[in-house]
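The values are calculated or read from the model by the stated rules, or taken from the named source; none is laboratory data. Keep in mind the model is a prediction, meaning the values are calculated, not measured. Reconstructed Cβ throughout: ideal geometry from the backbone, glycine too, with neighbour counts over all protein chains shown. Ligands, DNA and RNA are excluded from the accessible area calculation, which covers all protein heavy atoms including side chains. Shrake-Rupley method; radii C 1.70, N 1.55, O 1.52, S 1.80 Å.
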Amino acid sequence: MEITYLETLPSKQEFFDLYETTGWNKAFNYSDDILHKAISNSWFSVSAIIDNNLVGFGRIVSDGLYQTFICDLIVHPDFQGQGIGKKIMQMLMDHCKTSNVNFIQLSCAKGKVGFYEKFGFHARPSDAPGMHILVKN
């Protein structure tokens, strides 16, 4: 099985189908148009392809100078544990490094802390700065 990694965006439907495998869309029910517009505004992205099918994706939102946020690192459940997420993550981090962007942030899904710790990430202390809001219309 050959995996191809492309620094291009997947099609609207491909990304929507992959995104749906995460369960993240249950709260918001984003359309394929909304999700594609979101990923189209990325600074950098990586798509993992097997047999012309999108099996993994990750992206960065950034000012391109010093602030970055890794988003939507997704590997289809049928292909997890094969190093795809690791390769995508490494490509995202390498892009930051070659662009001299040193402050990399992310939010991680429940149960995935160990994956990101392998790359040197650590959770912020509970008394550290940082806030978020979940807005539903």
Would you check which residues across segment 105-119 are in contact with a helix residue (DSSP H, G or I) (Cβ under 9 Å, 6 or more places away or on another chain), open to solvent by less than 60 Å² (accessible area, probe 1.4 Å) and not aromatic (Phe, Trp, Tyr) and list them? 106, 108, 109
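One line per residue, one yes/no per condition, for (1) in contact (Cβ under 8 Å) with a residue 24 or more places away in the chain; (2) under 16 Å from residue 119 (Cβ atoms):
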position	(1), (2)
13	no, no
34	no, no
41	no, no
58	yes, yes
62	yes, no
Report every pair of residues separated by at least 6 positions or lying on different chains whose Cβ atoms are under 6 Å apart, first residue within segment 91-109 and more than 12 Å from residue 62 (Cβ to Cβ), second aromatic (Phe, Trp, Tyr). 108/116
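Could you please find all residues in segment 90-104 being in contact with a Phe, Trp or Tyr (Cβ under 9 Å, 6 or more places away or on another chain) and either surrounded by 14 or more Cβ atoms within 10 Å (Cβ to Cβ) or assigned to a helix (DSSP H, G or I) (or both)? Spell out how you get there, then give the answer.
Step one: filter segment 90-104 for residues in contact with a Phe, Trp or Tyr (Cβ under 9 Å, 6 or more places away or on another chain), giving 90-93, 95-96, 99-104.
Selection gives 90, 91, 92, 93, 95, 96, 99, 101, 104.
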One residue from 78, 51 being more than 14 Å from the chain's Cα centre (by Cα), modelled with pLDDT of 95 or more and at positive phi: 51
Residue set 20, 14; condition over 28 Å from residue 122 (Cβ atoms), among the acidic types (Asp, Glu), at pLDDT 95 or above and in contact with a strand residue (DSSP E or B) (Cβ under 9 Å, 6 or more places away or on another chain); output residue 14
Applying the selection to segment 23-48, what residues are within 25 Å of residue 97 (Cβ to Cβ) and over 15 Å from the mean Cα position of the chain (by Cα)? none
